[in-house]
1. Using modelled amide H (1.01 Å from N, peptide plane; none on Pro or chain starts), what sits under 5 Å from the amide H of LEU301, excluding residues fewer than 5 places away?
2. Taking just the alpha carbons, could you work out the radius of gyration and Dmax for the range 160-217, both in angstroms?
3. How high is the relative contact order of the chain, in percent, counting Cα pairs under 8 Å that sit 6 or more residues apart?
4. Of all accessible surface on the chain at a 1.4 Å probe, what whole percent is carbon and sulfur?
5. Could you put ARG254, ARG74 in order of accessible surface area, largest first, with the 1.4 Å probe and the full protein assembly present?
6. Sketch the reach of a paramagnetic label on ALA37 as a point 7 Å from Cα along Cα-to-Cβ, and name the residues of the range 47-85 whose backbone nitrogen lies under 20 Å away.
7. Mean-square fluctuation check for the chain, GNM, Cα pairs under 10 Å: which of ARG201, ARG155, ARG143 is largest?
8. Roughly what percent of Cα-Cα pairs across the range 126-246 reach past 20 Å?
Amino acid sequence: MRPHHWPASREHMMVKDLQQHDVTANGIRVHYADQGAGPLVLLCHGFPEGWYSWRDQLRALAAAGYHAVAPDMRGYGQTDAPAEISSYTILDIVGDMIGLVGALGEKQAVIVGHDWGANIAWHAALFRPDVFPSVAALSVPFRQRGPAPPLHMLRKAGQLTHYWFHFQEPGLAEAEFERDPRAALRRVLYSISGDAPPETRLLTLHPGKGWLANTLDPEHLPSWLTDADLDHMAAEFSRSGFRGGLNWYRNLDRNWGLTAPWAGALIHQPALFIAGTEDPVIAPGSGAAAVQALSAAVPGLRRKLLIDGAGHFIQQERPQLVNEAIIEFLGGLPAWGR
């Protein structure tokens, strides 16, 4: 491990005692930020983010008596980014989290995820309940394995402008986002947040155009996102590029094939779900139906918290409410750890 302290700056005051480390897990170098001591809570980010999206949760969880660990997930930030698209399956990424728990000298962790990280958290709980005795997911509800591969089902439903299709061709979305990473992040983070007008909070694209054509560039940043925050995120993607994160989407159908043994399986562990009412992921249609079905698919669900007016980037948009909900959930769990 190579610990190093957060650089002296305004953020240093925000995340006092936060450190960053590199460790080998599941055969790759995993970079993570951590804070606090106590039972392990693993925080898995989504797209297009990094460990920094959990900055507020790291501090709150540490203060509540937990060891909060937020990795750069496979392909992001300072974590390794294998070249092969097939190295980004759900089995690889859940394997990274199992490896990270072991590398930290632990046998168990409560796993918390947002966006793609929520999908990883759900499946980590599904695959290895012995390692992950509880799970919290933000923005993306658990969906049981469908009857056919996801892209096939979207085509069959005529949803050919869904953004997942735009992300399939290697290099196409990379060029779009990497032209100006800071502007791309600013537009994406704003446009599917609760601060944006409803017409921008869509997951379908204008025919023949990229994802950024759907977004708005805000005149002023929302209150939850500072220039310093954006600088940090943009610097990470300027170094790493977007290919690693986009490769997760290029395994959607492959993941369907790999998860055949878990068809119909339920998640029985204690679980928490949090989302914003304005999040397009849970909009009327299949998203709302998945939220409605959550209690049946996750019998251990203890709370379903929908935060009024918030959008997709829930732990950044409403950190205090998210922190309170997670800490309350953790406080009601049986002891876990070594």
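1. Excluding prolines and chain starts, which carry no amide H, the hits are ALA271.
2. 11.1, 31
3. Value for the chain: 20 percent.
4. Taking all protein chains in place, the chain shows 54 percent carbon and sulfur surface.
5. ARG254, ARG74
6. It comes to 58-70, nothing else.
7. Between ARG201, ARG155, ARG143, it is ARG155 that shows the largest mean-square fluctuation.
8. 57
The values are calculated or read from the model by the stated rules, or taken from the named source; none is laboratory data. In this text the structure is predicted, and so the values were computed from the model without any measurement. Glycine gets a Cβ as well: all are built from the backbone with ideal geometry, and neighbour counts include every protein chain shown. For accessibility, only protein heavy atoms count, side chains too; no ligands or nucleic acids. Shrake-Rupley method; radii C 1.70, N 1.55, O 1.52, S 1.80 Å.
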